[in-house]
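Below is one structure, written out as structure tokens, with a few remarks after it.
The values are calculated or read from the model by the stated rules, or taken from the named source; none is laboratory data. Everything numeric here is computed off the predicted structure, so don't read it as measured data. Note that each Cβ is placed from the backbone with ideal geometry, even for glycine, and that neighbours are counted across all protein chains shown. Accessible surface is based on the protein model in full, side chains and every heavy atom, while ligands, DNA and RNA are left aside. Shrake-Rupley method; radii C 1.70, N 1.55, O 1.52, S 1.80 Å.
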Amino acid sequence: MPDGRSHGGRTAQTTRLAPSPTGALHLGNVRTFLVNWAMARRAGWRVVLRIEDLDGPRVKAGAAERTVETLRWLGMDWDEGPLVQSADLEPYREAMRVLARAGRVYPSEVTRGEIEASASAPQEGVGESVFPAALRPEVIPREFNERMRHEGTKARRHEGSEKRDEEGGTNWRMVVEAGAVEFVDGFRGPQALEPAKSVGDFVVWTKRGVPAYQLAVVVDDHRQGVTKVVRGDDLLDSAARQLLVYRALGYGPEPSYTHLPLVRGADGRRLAKRHGDTRVEHYRALGVRPERVVGLAAWWSGVGGPNARPTEVSAAEFAAGFGLDTMGRSDVVYRPEDDAWLRAR
């Protein structure tokens with residue numbers, strides 16, 4: 001497996017475009033991907049395309065293929081991939097065996113809702129309950145067994161329901177000790193986050209027999225040589241959890257993180273279906289040119305300066321004109337005027 005750290009006889013940085021095929025790409029997704037891609041092409045980083053398809057219940061048939069086609073239509077390219085997470089689960093199992101031998105994970109009975117949520121990237125507005133250390137089993141097993149049920153595990157109880165998921169597997173949680181995880185974000189600066197207070201012991205393996213998001217991305221970033229992670233700042237808190245997993249597995253070097261402002265609707269919430277049809281596929285079907293979609297993303301990202309107006313640009317032109325230093329510090333609001341500009345002939 002190429003590690004991405006040596007390329008053409010010199011040390012190379014590597015980033016990844018990592019869409020999840022749970023639906024079509026919307027304008028907010030595309031803006032983040034374009035910024036990530038532009039940073040990579042300006043700086044000479046390798047780009048890996050990874051399809052994060054482990055969120056089984058939410059994966060849509062054909063979405064991965066449509067996503068790849070949409071990225072190409074917009075003018076983006078990559079140096080490796082698409083790599084598909086579900087193609088081989090053994091690297092994740094091996095990581096779990098390493099964590100188990102170190103006493104860093106344990107089986108835990110949780111509800112169906114928690115199982116489904118754990119395989120996904122955390123969603124803004126969906127609160128995560130803090131899982132305290134007091135609910136850990138008295139004895140932590142030192143062997144990973146996907147179907148293990150540990151008698152010492154205390155089942156969590158939720159108000160109004162004590163129903164347990166009866167699937168054959170078992171959820172496993174990461175032991176999270178008190179203390180801050182410190183790192184310097186490429187856009188937001190120094191960070192000191194405390195996962196023990198925000199989420200507690202989080203799920204790293206699910207009853208469905210697949211790794212949870214926080215484990216899967218760490219294993220993949222390490223084995224694919226990713227050194228630069230660029231994504232929306234709704235995942236800022238995940239960086240602390242992922243660094244804990246990196247350190248528990250003994251992986252290095254750790255990647256650097258850059259968390260970008262989001263695109264929001266007029267109601268202040270992250271762009272989604274409730275704000276109308278903002279899918280790139282929708283605009284493409286209307287006959288909108290890719291340069292117009294890229295141009296809106298470029299304007300949102302400060303390309304052309306603070307007094308610029310939207311104009312059609314290619315992905316290559318976006319990359320040539322983009323810089324983090326000119327990108328606005330605040331979230332972007334998607335307005336009816338933006339939709340009208342995209343549709344204009």
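For segment 194-251, carbon and sulfur atoms together expose 48% of the accessible surface, with a 1.4 angstrom probe and every protein chain in place. In a simple Cβ point-charge model (Lys, Arg +1; Asp, Glu -1; nothing else charged), segment 301-345 has a dipole of about 100 debye relative to its Cα centre. Using heavy atoms of the protein chains and a probe of 1.4 Å, the accessible area assigned to Arg335 is about 80 Å². Counting Cα-Cα pairs of segment 205-263 in 5 Å increments starting at 0 gives whole-percent bin shares of 4, 18, 28, 25, 16, 7, 2, 0. Taking all protein chains together and rolling a 1.4 Å probe, Met174 ends up with roughly 0 Å² accessible. In a reduced charge model with +1 at each Lys and Arg Cβ and -1 at each Asp and Glu Cβ, segment 167-287 shows a dipole moment near 420 debye about its Cα centre. Its residues counted as N, segment 282-345 yields a C-alpha radius of gyration over 2.2 N^0.38 Å of 1.09. Hey, for a label at Val184 modelled as a point 7 Å past Cα toward Cβ, could you say which residues of segment 228-260 have their backbone N under 15 Å away? Label zone hits: 254-259. First compute the accessible area of segment 44-113 with a 1.4 Å probe, then give the percent of it belonging to carbon and sulfur atoms. The nonpolar share, carbon plus sulfur, comes to 50 percent. Sorted largest first by accessible area at a 1.4 angstrom probe radius, with every protein chain in place, the residues Glu182, Glu80 fall in the order Glu182, Glu80.
Solvent-accessible surface of segment 227-325, averaged per residue with a 1.4 angstrom probe and all protein chains in place: 40 square angstrom. Projecting the Cα atoms of Leu27, Ala64, Ala40 onto the charge dipole of segment 14-78 (Cβ charges, centred on the Cα centre) puts Ala40 farthest toward the positive pole. Ligands, DNA and RNA excluded, the heavy atoms of Thr67 present near 10 Å² of accessible surface to a 1.4 Å solvent probe. Ligands, DNA and RNA are left out, and with a 1.4 angstrom probe the accessible area of segment 2-109 is 39 Å² per residue. Here's how it looks for Gly200: its modeled amide H is under 5 Å from those of Phe131, which are all 5 or more places away or on a different chain.
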